[in-house]
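Step one of this worksheet: look at the structure below.
Please treat every number below as a calculation from the coordinates, not as lab data. Computed from a predicted structure; not experimentally measured. When we count neighbours, we look across all protein chains shown, and the Cβ atoms used for this are built from the backbone with ideal geometry, even at glycine.
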Amino acid sequence: MPSTAKLTERQALLVLNALAPIGPIALGRLRAALGGDPRAILNAVAGDLEGIDGIGPAARRALAGWRRLFDPEREEAALARLGGDYLVATDAAYPELLREIADPPTVLYRSGPYACDHPCVAVVGSRRATHYGLGVARRLGSELVDAGFCVVSGLARGIDTAAHEGALAAGGPTVAVLGTGLDIVFPPENGGLFRRIAERGAVLTEFSIGRQGDRGTFPRRNRIVSGMAAAVIVVESDVDGGAMITARLAGEQGRTVFAVPGRIDQPTSSGCHQLIRDGATLFTRVEDLFTDLAYLDGLRPAPIAEKAAPITGGAALSPDEAVVLDRFSGGGALTADELAAATGISAGRLSAALMALELRPLIARRLDGAFEQTS
């Protein structure tokens, strides 16, 4: 059974981080009352804890029984087997801006070599993203890296995944923040992406090994995503989406919030439009960041070249293909019947044009049969 006499300060912080009733704010109050050394908190007796604001019966029981609840040496060994390490606030690699929020993580578990030494921008959005949104997020991830930023997101399906992939395609860096322990990949299909990020960037979490995600862990993850970033860009979100929580937290933390506009009849754009109405900055290109983030010392944005739409083999569009593709310029989804009515192209010619545009690939067919532009 571990003893405080043998604990390092870092191990004591690892213990305190694992005790559910002792959050970062409560830990700050404990350290203020009992001295800076976290081992003094683990050595405290009941009388020492009386009168400390926010330290109720559950917290006192957890502190009294921490030896039964958590073994820091076993945790360190498990983390080493995963090839990871952990950071505390005094470490140089602990994200600088994250130290400034009201409730910075006591410990950050890390997989990957990246030391968070670039200015960070968070890209977040819907798990049920449109092809348009995925294309924007992927291109945005790439252009942010080209401009000298690190892309931060949450490894979730949809926009998060596309932003990470875009950053990796441009050579990184990117940071994924988890709402689970470092040994749990969620969603499971992102296992390959997790490993690619860990090779070039970093995967971070404040949760102990083995911790499953639940309704409470993901909002806590979101505050880290926004807290370590100088700005948050919401690409797509409905009004009740998790990205809206991240945007709200970013505002509370004093971060700049950007929102990408979309079609007014697209549910996944409704959250972005609400953010813009509420005062978020309209985002249309990466250069929009530079004025707001000019205070970042050492940021030297590289020029961003205009990127043309991908056309396989360099072949020009046929007249029918050009007319059909133009109907998607508003970013929405259209059925074949809607396209036929809008373009006047016959069914046979329209089918050929749609197939050619899918093969390039400039459009994609959704599960409901409608088509969307891919970027």
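The angle between the Cα long axis of helix 72-81 and the main principal axis of the chain comes to about 30°, on a 0 to 90 degree scale.
Arrange R285, R349 by Cβ neighbour counts within 10 Å, fewest through most, would you?
On the way: R285 11, R349 17.
Least crowded to most crowded, the residues run R285, R349.
On the principal axes of its alpha carbon atoms, the chain extends 83, 39, 37 Å, with the longest extent given first. Across the stretch 4-95, the mean sequence separation of Cα contacts (distance under 8 Å, 6 or more residues apart), normalised by length, yields a relative contact order of 31 percent.
Of the residues P72, G54, G23, the one whose Cα sits farthest toward the positive end of the charge dipole of the stretch 4-75, with +1 on the Cβ of Lys and Arg and -1 on the Cβ of Asp and Glu, is P72. Work out the charge dipole of the stretch 107-161 with +1 on the Cβ of Lys and Arg and -1 on the Cβ of Asp and Glu about the Cα centre, then indicate which of L108, A147, I159 is farthest towards its positive end. The Cα lying farthest towards the positive end belongs to I159.
Derived scalar couplings between HN and Hα for the stretch 54-68 equal x, 9, x, x, 5, 5, 5, 5, 5, 5, 5, x, 4, 5, 6 Hz in order, rounded to whole Hz, by the Karplus curve 6.51 cos²θ - 1.76 cosθ + 1.60 (θ = phi - 60°), x for Gly and Pro.
Under 10 Å from the Cβ of S269, count the other residues' Cβ atoms, weight Lys and Arg +1, Asp and Glu -1, and hand me the total. Could the numbers behind the result be given before it?
Working: positive: R263; negative: E236, D238, D265.
Neighbourhood net charge equals -2.
In whole Å, what is the distance between the alpha-carbon centres of the stretch 329-369 and the stretch 180-220? Taking the Cα centre of the stretch 180-220 as reference, the centre of the stretch 329-369 is 38 Å away.
Mind ranking 138-145, 54-61, 216-223 by how tightly packed they are, going by the mean number of other C-beta atoms within 10 angstrom, highest first? Mind dumping the intermediate values first?
Details: 138-145: 24.0, 54-61: 15.1, 216-223: 19.2.
Order by mean packing, descending: 138-145, 216-223, 54-61.
The long axis of helix 217-227 is offset from the longest Cα principal axis of the chain by roughly 80 degrees. Placing +1 on the Cβ of every Lys and Arg and -1 on the Cβ of every Asp and Glu, with nothing else charged, gives the chain a dipole about its Cα centre of roughly 820 debye.
Given +1 on the Cβ of Lys and Arg, -1 on the Cβ of Asp and Glu, and no further charges, what dipole in debye does the stretch 5-65 carry about its Cα centre, rounded to the nearest 20? Mind dumping the intermediate values first?
Numbers: 7 positive and 5 negative charges, 38 e Å.
So the magnitude is around 180 debye.
Taking other C-beta atoms within 10 Å as the exposure proxy, D214, D238 rank D214, D238 from fewest upward. Over the stretch 97-292, Cα pairs under 8 Å with separation of 6+ residues give a relative contact order of 23 percent.
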